[in-house]
Amino acid sequence: LYLSSTSLSVATGKNGKFTALLGTYTNGKQTGATEISSKCTWTSSDESIATVSNIGLVTGVKVGTVTITAQYEGETVTGTATITSSTTYELAISPASMTLNKGATGTFTALYKTYTDGVLKSSVDVTSSTTWSSADTKIAGVSQGHVSGVGAGSAIITAKYNGYTATASVTVRGPATM
């Protein structure tokens, strides 16, 4: 019994896999191997750092190092899983929606957010360097986050920045009656 790799690096919130193999030997030489991960009993030395499924799938919970153990028919093998910090990014529009009267204007703000291990670390205003578009320019026009109500109805406003996309909605009401 052996693991295809004895070490694994996984970011928090992400997965990696250990594969358990049972070698086939002839005259003392390995002649083959059978993947038996699903037949093993898997354990993590510290489930607050990483968990392991019944097929060897390791999920990072928090930064640290754990020993992952696979047992099969009395044999035991171990591997080391190192859990690293996870950084993710998001583009968001604030507010998520707005209502304007025809002829009125409003402003959306594009925020580029950075999260580390699921915790917001920064939020940068990227409104002026974002590419903006309106799904229906007969209802609302948009330029650098500034929205103008053109005609009654609803439109989706799209912001694109650094490979990320976010959307917001704008509803334009017809002219007020007196």
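The values are calculated or read from the model by the stated rules, or taken from the named source; none is laboratory data. This structure is a prediction, so every number in the text was calculated from the model and none was measured. Methodologically, a virtual Cβ is constructed for each residue, glycine included, from the backbone with ideal geometry; neighbour enumeration extends over all protein chains shown. The area values use the complete protein model at the heavy-atom level, side chains included, leaving out ligands, DNA and RNA. Shrake-Rupley method; radii C 1.70, N 1.55, O 1.52, S 1.80 Å.
Derived scalar couplings between HN and Hα for region 57-67 equal 7, 9, 10, x, 9, 8, 4, x, 10, 10, 9 Hz in order, rounded to whole Hz, by the Karplus curve 6.51 cos²θ - 1.76 cosθ + 1.60 (θ = phi - 60°), x for Gly and Pro.
When you restrict to C-alpha pairs under 8 Å that are six or more residues apart and normalise by the size of region 45-95, the relative contact order lands at 30 percent. Binning the C-alpha pair distances of region 91-130 at 5 Å intervals from 0 yields a P(r) profile of 6, 21, 22, 19, 15, 8, 5, 3, 1 %, listed from the shortest bin outward. Shown is the FRET efficiency for residue 53 and residue 97, computed with R0 = 41 Å from the Cβ-Cβ distance and rounded to the nearest 0.05: 0.55.
Electrostatic bookkeeping for residue 36 treats Lys and Arg as +1 and Asp and Glu as -1; over the other residues with beta carbon under 12 Å from its beta carbon, the sum is -2. Were the residues from residue 136 through residue 114 laid out at 0.36 nm apart, the gain over their Cα-Cα distance would be 4.9 nm.
Of all DSSP-defined beta bridges confined to the chain, some 85% are antiparallel rather than parallel. Loop-resident GluC sites (Glu not before Pro) (DSSP state other than H, G, I, E or B) in region 41-102 with no more than 16 further Cβ atoms inside 10 Å of their Cβ: 47, 73.
Using the Karplus relation 6.51 cos²θ - 1.76 cosθ + 1.60 with θ = phi - 60°, the per-residue 3J(HN,Hα) values for region 142-155 come to 8, 8, 6, x, 7, 10, 10, x, 9, x, 5, x, 10, 9 Hz, with x marking Gly and Pro. What part of the accessible area of the chain, given as a whole %, is carbon or sulfur when the probe is 1.4 angstrom? Summing carbon and sulfur atoms, their accessible area is 49 percent of the total for the chain. Peptide packing for 95-108, 158-171, 117-130 was compared via the average number of neighbouring C-beta atoms within 10 Å per residue; ordered from the highest value, the list is 158-171, 95-108, 117-130.
What do you get for trypsin sites (Lys or Arg not before Pro) in region 9-70 restricted to DSSP loop and a cutoff of at most 16 other Cβ within 10 Å of the site's Cβ?
Working: sites: 14, 17, 29, 39, 62; in loops: 14, 62.
Listed in order of number, the matching sites are 14, 62.
Taking all C-alpha pairs of region 51-177, those more than 26 Å from each other amount to 47 percent.
Hey, with R₀ at 25 Å, roughly what FRET efficiency would residue 15 and residue 162 work out to, going by the Cβ-Cβ distance, to 0.05?
Approximately 0.45, to the nearest 0.05.
Per residue, the chain exposes an accessible area of 55 Å² to a 1.4 Å probe, with every protein chain left in place. Distance between the C-alpha centres of region 96-124 and region 1-30: 45 Å, rounded to the whole angstrom. Here the Karplus curve 6.51 cos²θ - 1.76 cosθ + 1.60, taken at θ = phi - 60°, turns the phi angles of region 71-77 into couplings of 10, 8, 6, x, 9, 10, 9 Hz, with x standing for Gly and Pro. Each other residue within a Cβ distance under 14 Å of residue 68 adds +1 if Lys or Arg and -1 if Asp or Glu, for a net charge of -1.
With a cut-off of 14 Å between beta carbons, the residues surrounding residue 51 carry a summed charge of +1, where Lys and Arg count +1 and Asp and Glu -1.
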